[in-house]
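The values are calculated or read from the model by the stated rules, or taken from the named source; none is laboratory data. The structure displayed is predicted, hence computed values, not measured ones. Cβ sites come from the backbone with ideal geometry, for glycine too, and all protein chains shown count toward neighbours. Calculation scope for accessible area: heavy atoms of the full protein, side chains included, ligands and nucleic acids excluded. Shrake-Rupley method; radii C 1.70, N 1.55, O 1.52, S 1.80 Å.
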Amino acid sequence: MVRATRQLPLWLAVCGTFLLAEKTSFTVVEAFNAPPILLRAGRNPSLQPSFSGSPLFPVLSSAKPRRCRVGAVASKAIFGNFLGNRDERPPVPDIEAPFHYPAAERIVAVGDVHGDVGALLGCMEIAGLIDEQQNWIGGKTHFVQIGDILDRGDEEKYCIDLLRKLRPQAEAAGGMIHVLIGNHEVMNVDLDFRYVTPGAWDDWDDRPKTGSMIVNVKEQLATIGFPPYMKERVTAFRPGGTAARELARMRVAIQIGDTLLVHGGVRMKHVKYGLERLNKETAAWLKGGSRYKQVAKPEILDDGDSPIWARLYSVPQPKPKAQQELEEVCQALGARRMVVGHTPQLRGINSAVSPRGFEVWRTDTGMSQGMMAGPLEALEVLADGRVHVLTEAGVVPAAMRAPEVTGDVIDVCDVDTGICTPLPEEVEAIQFTQQSEPAPPAQGVRVRPPEEAPVNGLSDVNKMEVETLRAMDDKTLGIEERISFLLERMIADAVQRKDDALSRRIVRSMLVKVVGTEVVSEYDEYIAAEVQRIISMDVDQIQARYGPLPSEAARN
């Protein structure tokens, strides 16, 4: 009877929340961190007009994707759990979320898989970790998935279920499965579903079927304002939900021996904050439930240079200050190298080395079909310090993926990649043996601006298109306006010449040749959103705006 008298009726909770929302000038959906663009990757765009005028829904926008804390603050203001000043940190939650692990005989790291279970399986097979029945045969290997399992692909849950199945098998053999938290995992817990693909909304309800008729008031409130097909995912990814509890087993950062692994990058301020503390706070926030309901999301995760968002170590040649900070971080933690993902590398897995010899290995090859369908590769670190890149063709020694140029920016398609160009000659030359050989003497290479970069690996038609775009490129425009113009022109031209071979990978490769790798990497999410916007437009309007192809105009 005591419990029954304390339970808040659903109708009263809903009405009370609506009234509170009116008084505080934000909607119920916003209070639960609803995404600013509900239907960016939604299933039924025809619903869109009915949303924009409803007080239950935020105004839909096609603006550049961005992160926002307003929803989180609003949620805490209504339901408690408001921390105030970040410096006034509560005690570290009592939850197991270690940062340090002893040195391992072998570490295998794989970058962002983004809902592509075929890519994940392929990388694990290349590394000799699973058999044909997808069971663990990796022995004492520590396997690390560097984060961003979620979004951009329909097979996210298959990836999570595969790693959950393999975890006890690996531990029984003396190995381990580690999965790190990427920005896309946190975005989903924030109910930011802009990058969810149409086939990824279902099958997230893993709750045991009890037959109980008791209504979970908070759970019902959390799904108010979302279309029916979204509700299952919303329920699963809210802190305490079944998917969020699985994410609670993942870590923001870990260190195995002298190898530091993190999705985006670790800065000195993160070291001072405490990486194990951040792991524990994040795990407790995700796990939720009655034990951790007062634990808020660590605000540091929302910083633009947080461990899950940082890109300072992932540009082709990190700037001197970034190299210095890499050295400071590694020295403070007793690490020799940092391994990151998050930023797609057009040359496959590669490294940058600081003046004092500390390394950062970049593992995001864009392998997912939802990204660039890049090469399947894994990074191998052995106990004696040797590093290899494991590819479908064989083993590539670290020296072959080490820096080859100096300077702030380089078009990596001109150096070494299996995406933009044929298989690099130096990879063929080593004949894929297991032996590491010393790097060849460094050769002086002039860093060419994007407009001078060769267009190897593209078809003749696309090479001509690159030259056309270079001629039209207006560098006086803002970066986003410039990118949008180039993408619209590129896609309109492809439609006009009936080029059905144009893919997102080719679009990205062509854009790199015009504006450069650094811009494309920095604006990766904006580019993906713009491509989606353009291909859903009436192409006739774009063609009318830009006129016929130069070749068509010449014939006329």
**Fill in**
Residues in region 227-250 that are out of contact with any Phe, Trp or Tyr (no Cβ under 7 Å at 6 or more places or on another chain) and not polar (S, T, N, Q) total 13
**Message:** Just to check your reading of the model, which residue among 315, 329, 339 is buried (at least 19 other Cβ atoms within 10 Å of the Cβ), in contact with a helix residue (DSSP H, G or I) (Cβ under 9 Å, 6 or more places away or on another chain) and not in a loop (DSSP other than H, G, I, E, B)?
**Reply:** 329
**Asked** If you go through region 371-402 one residue at a time, how many are hydrophobic (A, V, I, L, M, F, W, C), part of a loop (DSSP other than H, G, I, E, B) and over 21 Å from the mean Cα position of the chain (by Cα)?
**Response** 3
**Item:** Considering residues of region 489-501 that are open to solvent by 40 Å² or more (accessible area, probe 1.4 Å) and at pLDDT 75 or above only, the residue nearest to residue 520 (Cα to Cα)
**Value:** 495
**Prompt:** Yes or no: residue 285 in contact (Cβ under 8 Å) with a residue 40 or more places away in the chain and part of a helix (DSSP H, G or I)?
**Reply:** yes
**Message:** Which count do you get for residues in region 180-193 that are in a strand (DSSP E or B) and either without any contact (Cβ under 8 Å) to a residue 24 or more places away in the chain or open to solvent by 10 Å² or more (accessible area, probe 1.4 Å) (or both)?
**Reply:** 0
**Neighbours by Cβ (under 8 Å, 6+ apart or cross-chain): first from region 122-133, within 15 Å of residue 106 (Cα to Cα); second of a type in the set (Ser, Thr, Tyr)** = 126/391; 127/141; 129/141
**Lone qualifier among 545, 533, 482 - being assigned to a helix (DSSP H, G or I) and modelled with pLDDT under 80** = 545
**Asked** Got at least one residue in region 292-306 being open to solvent by 10 Å² or more (accessible area, probe 1.4 Å), in a loop (DSSP other than H, G, I, E, B) and more than 28 Å from residue 90 (Cα to Cα)?
**Response** no
**Prompt:** Out of all the residues in region 344-360, is one or more among the aromatic types (Phe, Trp, Tyr) and modelled with pLDDT of 90 or more?
**Reply:** yes
**From 147, 128, 118, residue being under 17 Å from residue 176 (Cβ atoms) and either open to solvent by 10 Å² or more (accessible area, probe 1.4 Å) or assigned to a helix (DSSP H, G or I) (or both)** = 128
**Message:** Give all pairs with beta carbons closer than 6 Å in which a residue from region 372-394 that is crowded, with 24+ Cβ neighbours inside 10 Å meets a residue that is among the aromatic types (Phe, Trp, Tyr); count only pairs at least 6 apart in sequence or on separate chains.
**Reply:** 379/361
**Item:** Residue that is surrounded by the fewest Cβ atoms within 10 Å (Cβ to Cβ), among those in region 157-172 that are farther than 13 Å from residue 115 by Cβ and of a type in the set (A, V, I, L, M)
**Value:** 172
